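Only the coordinates and a few stated rules stand behind these numbers; no lab work does. In this text the structure is predicted, and so the values were computed from the model without any measurement. Positions of Cβ are generated from backbone atoms using ideal geometry, with glycine treated the same way; all protein chains shown enter the neighbour counts.
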Amino acid sequence: MRTIDLNADLGESFGRWRVGHDPDLLALVSSANIACGFHAGDPLALRETLTLAAKRGVTVGAHPGYPDLLGFGRRDIDASPAEVENWVLYQIGALRALANASGTQVKYVKPHGALYNKAARHVPTADAIARAVHLAGSDLVLLGLPDTEILAAAKRAGVRPAREAFPDRSYEADGTLTPRSRPDALVSDPAACADRAARMVLDGVVEARDGSMVEIEPDSLCVHGDGPEAVPVLRAIRARLEQSGITIAPFAA
């Protein structure tokens with residue numbers, strides 16, 4: 001029987017600004033990437049989401065990013081490896097404390113936004129993140145794009161790697177995500193996302209923007225939780241996977 005994890009980015013509200021649809025998404029995902037306050041999220045919003053995740057039985061992961069609230073963590077920052085290591089370590093520690101107080105535990109780490117994309121190709125950044133994860137706890141899993149520097153760094157640091165794919169993002173022929181600056185970077189139609197998700201799991205491929213096929217073997221599928229289409233997209237994906245006999249379960253339980 002095939003098994004796959006479904007994850008989404010949650011806990012991204014800040015003060016009076018509400019972002020995403022956390023209660024609805026937590027009814028659909030098996031894992032939740034929780035913001036850590038640097039790119040989004042404040043302690044009240046984070047603890048609220050963590051508590052609801054615990055009640056729903058959803059596995060929790062830390063979602064550290066660059067210190068960039070204005071840019072939602074999607075702008076690259078020219079940071080040293082030492083800065084990246086300590087930023088990530090700090091964020092994991094903060095979320096672990098809030099998670100413990102909310103009746104759950106942080107099981108994995110997935111970098112956010114520009115930090116995620118840079119770590120896929122930049123060895124010093126990837127190694128800095130992997131070192132931070134290792135220092136934060138040997139039990140943590142590091143989630144990233146397959147066949148990229150971040151997962152190679154995880155292995156070097158003695159951290160268990162896990163592979164991620166994105167039904168709601170366009171791919172390049174080399175397996176990287178299409179930059180968000182392009183108008184075709186996102187896939188928002190629920191039926192199209194469901195088709196892509198099923199093919200990713202059952203056939204191990206995703207069609208790139210140029211029509212070529214990229215081979216992937218994901219442990220988890222991600223839908224970005226901050227968009228208005230996130231709930232219908234996740235609902236369609238989950239229904240299609242379950243209709244195909246695929247079990248939805250966390251990769252880092």
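By DSSP, the beta bridges lying fully in the chain are antiparallel in about 20 percent of cases. With the crude spin-label approximation of a point 7 Å out along Cα→Cβ, what separation in nm comes out for W17 versus A191? For the pair W17/A191, the computed spacing is 3.5 nm.
Springs between Cα atoms under 10 Å define the GNM used for the chain, and in it the highest mean-square fluctuation of K118, K110, K155 occurs at K155. Rounded to whole Å, give me the distance from the Cα center of the stretch 95-137 to that of the stretch 1-55. Rounded to whole Å, the Cα centres lie 15 Å apart.
Summing +1 for each Lys or Arg and -1 for each Asp or Glu among the other residues whose beta-carbon sits under 14 angstrom from that of R235 gives -3. On the basis of the beta-carbon distance and an R0 of 25 Å, R180 and D147 show a calculated FRET efficiency of 0.75.
At q = 0.15, 0.26 Å⁻¹, what is the log10 ratio I(q)/I(0) for the stretch 88-144, with the Debye formula run over Cα points and no solvent? Those come out to -0.42, -1.07, one per q.
Could you tally the net charge around G61, taking each other residue with its Cβ under 13 Å from the Cβ of G61, Lys/Arg +1 and Asp/Glu -1? Once positives and negatives cancel, what remains is -1. In percent, rounded to a whole number, the relative contact order of the chain is 22, using alpha-carbon pairs under 8 Å and six or more apart. Each residue in D9, D127 was given a count of other beta-carbon atoms within 10 angstrom of its own, and listing them fewest first yields D127, D9.
For the chain, take N as its residue count and report Rg(C-alpha) divided by 2.2 N^0.38 Å.
0.92
Between A82 and V205, the simple label model (points 7 Å from Cα in the Cβ direction) yields a spacing of 4.9 nm.
Projecting the Cα positions of L241, T104, V60 onto the charge dipole of the stretch 3-248 (unit charges on Cβ atoms of Lys, Arg, Asp and Glu, taken about the Cα centre) puts T104 furthest along the positive direction.
Taking every Cα-Cα distance in the stretch 193-253 and sorting them into 10 Å bins from zero, the calculated P(r) comes out as 20, 51, 27, 1 percent.
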